[in-house]
Every structure is written in structure tokens, then in C-alpha cells.
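The values are calculated or read from the model by the stated rules, or taken from the named source; none is laboratory data. It should be emphasised that the depicted structure is a prediction, and the values quoted were computed from it without experimental measurement. In this analysis, Cβ positions are derived from the backbone assuming ideal geometry, glycine residues included, and neighbour counts consider all displayed protein chains. Please note that ligands, DNA and RNA were not included when accessible areas were found on the heavy atoms of the full protein model with its side chains. Shrake-Rupley method; radii C 1.70, N 1.55, O 1.52, S 1.80 Å.
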Amino acid sequence: MKPQIRTPFFEVGVKNYVYGDDVLKMAKVLDACAEKYDIDVLYVVPYTDIRTVAENTKNLIVLAPYMDTLRPGRGMADVLPEAVKAAGAQGVCMNHCERPMSLSQIKKTIDRANELDLITFACADSVAEARAIAQLHPDIINPEPSELIGSGNASDMGYVSEVIKAIKAIYPDILVEQAAGITNGQQVYDFIMAGSEAAGSASGIFNSKDPYATAEEMIAAVRRARDYMEKSVNNLEG
């Protein structure tokens, strides 16, 4: 079975901001924060670090940044889904703007990931693309306008509301994350309170003055949002 992700959750993408031992150092910080705040944290790491991170953390949900759809056998330099899972990945990211895919490729990747009980995390550039990808029923959609990725400028709330509504109209069980341009905990809190089930960051963490402190600030904001929502529900029920 696929890992069950509790909402709201947080996602961190390494990309190539750090490598080697620094990937593991961040993993251990995120692992400790996931335990401290009792929040699920997804960590998208380079292929070369999947096993190291998976074997040295206990709370993180480790995702591969991509995979191909071939089966065991020939395929020199392709990324084998079975190998990704064997290394310790519990899911896979697809269609990031830095590795765009056609809808046909996304569909094949989702199907292969589902065969192996890997979480499917799909990125989308626009509301229209989010609608199209939602038809393929991934577990998570991260709708982030490409021009905002790494820019330090987050999506406006109009876009956030529109894209959540568009995705949920197709499959209500798809989890929606907001990530592009997030640089601080308040943005994380605001996006979750606006209806997103998760927030995420890459450059906002790794380009900050203190990446470890920034990561904790953002995860703490997820917990703060969860606490507020739980308190509101309890008040209504009371």
C-alpha cells in the first residue's frame, strides 16, 4: 500500500541546491522537525541520495525527482521505477518545469508508479494544465506557475482559490499543494488557510541565510495552521 499522507503536510525539494553530505544534513533537520511538530514532510531528493536519506531518517516521506517507465532489462541511463523504490523512495515527482512531460508520459508514469505503490506527485504550470493532469488522477498536484519558481514571489490568492476549485471538481481526493516562490512561514500558513492541503519550498529554503531555521519556520507554520483548523472544528462541534 502507498504511504498515507496526513494533511496539511510540507514538501521540500532539493533540486541541485545542495549535494552529498548536505542533502543528508537537511534530511536530518527535516526529520527532527517532522517529529517535533508531528507533521508529514515530503523530501524530494536526487537519485544518488535516496538510499542514504531513506536509511538515515524515520519520519520523512522520500520522493524521487523523476523516473522513466521502462521495465527491468535494457535501458542504459534510464531511471528504473523498481530501482527507485528499492533505494527507498516512497513516491515520485513528475512534470516539474525543469523536466516537463507530455500528458501521455505523465499518464504512463502514474500507471507505473501505481503498480509499485509509489505516491504520484505531479506539477502543473497553469489552471488548464492542472485540470488536464487531474483527469489522470495523481495523488498530489502542485500547481505552480513556472515564472514564479525560484523567483521569491508567491502565487496570488486568486490563483490559489481557482486552481484548488478546478482540481477538486474533477477528483476531490487529489491533494493540492502550493509551492512556487514561498520564502517564509507566514506564506505557508496563508496558503494552507486558503484551502491548500500542503505547501512546499526549494529555493526559499536553500537560498535563505539559514536554510535549517527557515525549514523549521515553515514546518512550524504548517502545524500552526493545523492547530487553528482543528480548534475551529472543535468549536463548531462544541
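Points worth noting:
- Cβ-defined net charge surrounding P72, 14 Å radius [Lys, Arg +1; Asp, Glu -1]: 0
- Accessible area per residue for region 160-238, computed on protein heavy atoms with a 1.4 Å probe, is 46 Å².
- Reported to the nearest whole Å, the Cα centre-to-centre distance from region 55-71 to region 1-47 is 11.
- Accessible carbon and sulfur surface of the chain relative to its total accessible area, %, 1.4 Å: 50
- Total formal charge among the other residues, if their Cβ is under 10 angstrom from that of V41, Lys/Arg +1 and Asp/Glu -1: -4
- Comparing I110, I192, I170 in a Gaussian network model of the chain where C-alpha atoms under 10 Å apart are linked, the largest mean-square fluctuation is found at I170.
- Rounded accessible area per residue of region 62-122, 1.4 Å, Å²: 47
- Dipole-positive endmost among T69, Y228, G88 within the chain (Cβ charges, Cα centre): T69
- Local electrostatic count at N56 - Lys and Arg +1, Asp and Glu -1, tallied over other residues with Cβ under 15 Å: -2
- Checking the Cα-Cα distances for K28/K85; K108/K168; K168/K209; K15/K85; K58/K231; K28/K209 against a 26 Å cut-off, the pairs over it are K168/K209; K58/K231.
- Identified option (computed P(r) over Cα pairs in 10 Å bins from 0, in percent; candidates [x] 8, 34, 39, 17, 2, 0, 0; [y] 6, 21, 22, 18, 15, 9, 5, 2, 1, 0; [z] 7, 18, 14, 10, 9, 8, 7, 7, 6, 6, 5, 3, 1): [x]
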